[in-house]
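Beneath this line is the structure, given in structure tokens, with notes to follow.
The values are calculated or read from the model by the stated rules, or taken from the named source; none is laboratory data. Computed from a predicted model, the values in this text were never measured in an experiment. Note that we place each Cβ from the backbone using ideal geometry, even for glycine, and neighbour counts take in every protein chain shown. When the accessible area is computed, the model is the full protein with side chains, heavy atoms only, and any ligands, DNA or RNA have been set aside. Shrake-Rupley method; radii C 1.70, N 1.55, O 1.52, S 1.80 Å.
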Amino acid sequence: MSDVEKRVNEKHEGGSDIEEEIDLANFHEKRAGRLVVDPEEAKVEFGEAFTSRLKLSRDGTKILWPQPTDSPHDPLNWSDRKKAMHLLIITLAAIVPDFDSGIGIAAIFALAKQYNTDTDTINNMTSNWSIFLLGWGGIAAVWLIRRYGRLPVLFWSQIFALGFLIGCTFAPNLKTFTAFFGTAPQVTGLYVVTDLFPFHLQARKLNVWTMGFIISPFLSPFAFGFLVARTTWRWAYGIGSIYGAIVCALIILFMDETMYDRHVKPIPEPMANGSLRYRIETLVGITGIKMAKYRISWFETISSPFQVVWRPHLLGILLFEGILFGFGIGINVTNAVFLGSPPPRGFGWTEFAVAGGYGTPIVAVLLGELIGRYNNDFIQNWSIKRNRGVFYAESRLWACYLAMVLYICGFVLLGGALQNRLSPGAIIMGWGIAETAIMINTVAVYAYCNDCFPKHQGEISALINLARTLGGFSVAYFQVPWAEKHGALQTFGCEAAIVAGLFILIVPWLQLRGASLRERFSM
């Protein structure tokens, strides 16, 4: 039992006044990974007097965590329409990094011809290197976000990403081309979701945001593969730049700062001004600089990811997710080579056929979002009911079991289809099943880690982002040579076996030991 709950019980038993001792805005952080959600259970644990102060969902069945303040400037109190707009924009922004990187896949053969080199060299320079850099960019973004807010970091990252992509569009040679790459942090979304939505809605909203960056590397090969087949590859990068410009415009016109310093008393509310000058200053970071005095120091900011990453209940799941997602990145980068290269190396598909093939993972991710939307809600509600009104973070990991079954089936089928030159239907089914599994598993991992570390959403998002990029950027270097030497079935079968082994070692252990690990190591 936490010190806070002891004080609550003292209030319940002895009637002492704890109004000033307990801060409802941050009460949910005291026992990370364990939340009393049912109001009736709260009466048992905390007493009726304390429970009467808690705000509930509209239907009255769930306690809102975090507890909203009474201020209209609290993002938790924004209208549903405004929240939906922010979720849409942050999802569109999350598409940008991998979407930009994936343009190189669509243009791989055209770039190789333009610069008189081979497809492996283009893959390594345009896709693999940019994937590697995306992960490290997220860590740097967290440092800035913790000090200056969500909005200015999101705005400037998109501006710089747009500038680099325009540079790719007009690159005169391969050296210049590879020096300019689009990168933007994919950590802001988890912050925004937890800023806007209470606990019981977060998994569903994370499903939407996660879908954005998982589907993004397939959108550009699918859309621009047809384009590059008919015209120059520069048009692909040009249209990608137009998309980046649209995202920047949406951020400028509709996004507000969602960071609300509820840990500070009294809570500072610069947004109460509401003037055009305030909006401009918030967008470019001036307001964030002024607000930095209320926030943690630079030392705490920079050291925070390193203080979080070694926690055993986080480190294990990062390793599992990084390898699982990483092999999926490898499929995306190398399938263009497998499918487009002439026999015996590949299938000899036309550029139109390869582009059409990338519609497979798009449909698969959308299907994964649909499955995850209902599956996560079912697991959450079942867990709360099973534990008599209390939710435990480890229940999120039940979704990983479904994901692993699909993952193994998808990888083995895809490997067999590539090796034995099976029909396009077999390739599509294997690829699609694998990507559906990745979508389901990734949402579960984000939700679990967020529940375990409610004060460190940015660090969690950045570390998961880093894990998946470190796990995936190098796969394309060895996946094609391995498959050519020993067959694609061995390649993809071994990758599935590695992930299955990590799953067996990590996920059941976290479900059994997670509560004690959280009690000892959570921050």
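Points to keep in mind about this one:
- Looking across the range 503-523, the residues that are hydrophobic (A, V, I, L, M, F, W, C) and surrounded by fewer than 19 Cβ atoms within 10 Å (Cβ to Cβ) come down to Ile504, Leu505, Trp509, Leu512, Ala515, Phe521, Met523.
- Among the residues of the range 200-218, those that are modelled with pLDDT of 85 or more, within 17 Å of the chain's Cα centre (by Cα) and open to solvent by 10 Å² or more (accessible area, probe 1.4 Å) comprise Leu201, Gln202, Arg204, Lys205, Val208, Met211, Ile215.
- Asp70 vs. criteria at negative phi, loosely packed, with under 15 Cβ neighbours inside 10 Å and at pLDDT 75 or above: yes
- Scan of the range 439-489 for residues that are within 23 Å of Leu339 (Cβ to Cβ) and either of a type in the set (Phe, Trp, Tyr) or without any contact (Cβ under 8 Å) to a residue 40 or more places away in the chain (or both), ordered by number: Phe473, Tyr477, Phe478, Pro481, Trp482, Lys485, His486
- Residue within the range 79-86 that is modelled with pLDDT of 90 or more, open to solvent by 10 Å² or more (accessible area, probe 1.4 Å) and not in a helix (DSSP H, G or I) present: yes
- The lone exception for Phe327 - which of (1) at pLDDT below 90; (2) touching an Asp or Glu at 6+ places or on another chain (Cβ under 7 Å) it fails: (1)
- Evaluated against (1) more than 13 Å from Phe197 (Cβ to Cβ); (2) surrounded by fewer than 21 Cβ atoms within 10 Å (Cβ to Cβ); (3) among the hydrophobic types (A, V, I, L, M, F, W, C), Ile103 falls short on exactly one condition, (2).
The rows are residues; the columns are (1) within 30 Å of Asp195 (Cβ to Cβ); (2) touching a Phe, Trp or Tyr at 6+ places or on another chain (Cβ under 6 Å); (3) modelled with pLDDT of 75 or more; (4) open to solvent by less than 10 Å² (accessible area, probe 1.4 Å).
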| position | (1), (2), (3), (4) |
| --- | --- |
| Gln114 | no, no, no, no |
| Asp118 | no, no, no, no |
| Thr121 | no, no, no, no |
| Trp136 | yes, no, yes, no |
| Ala140 | yes, no, yes, no |
| Leu144 | yes, no, yes, no |
| Leu151 | yes, no, yes, yes |
| Ser157 | yes, no, yes, no |
| Leu174 | no, yes, no, no |
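- Each residue in the range 195-234 was checked for being free of Cβ contacts under 8 Å to residues at least 60 places away in the same chain and of a type in the set (S, T, N, Q), and 1 of them qualify.
- Residue within the range 467-487 that is open to solvent by less than 10 Å² (accessible area, probe 1.4 Å), aromatic (Phe, Trp, Tyr), out of contact with any Ser or Thr (no Cβ under 8 Å at 6 or more places or on another chain) and farther than 15 Å from Glu321 by Cβ present: no
- Qualifying residue in the range 396-408 (condition: more than 22 Å from the chain's Cα centre (by Cα), more than 26 Å from Leu517 (Cα to Cα), surrounded by 18 or more Cβ atoms within 10 Å (Cβ to Cβ) and modelled with pLDDT of 95 or more): yes
- Residue, most open to solvent (accessible area, probe 1.4 Å), within the range 354-391, restricted to residues that are without any contact (Cβ under 8 Å) to a residue 60 or more places away in the chain and among the hydrophobic types (A, V, I, L, M, F, W, C): Phe378
- In the range 42-61, the residue that is farthest from Leu201 (Cα to Cα) out of those that are open to solvent by less than 40 Å² (accessible area, probe 1.4 Å) and assigned to a loop (DSSP other than H, G, I, E, B) is Gly47.
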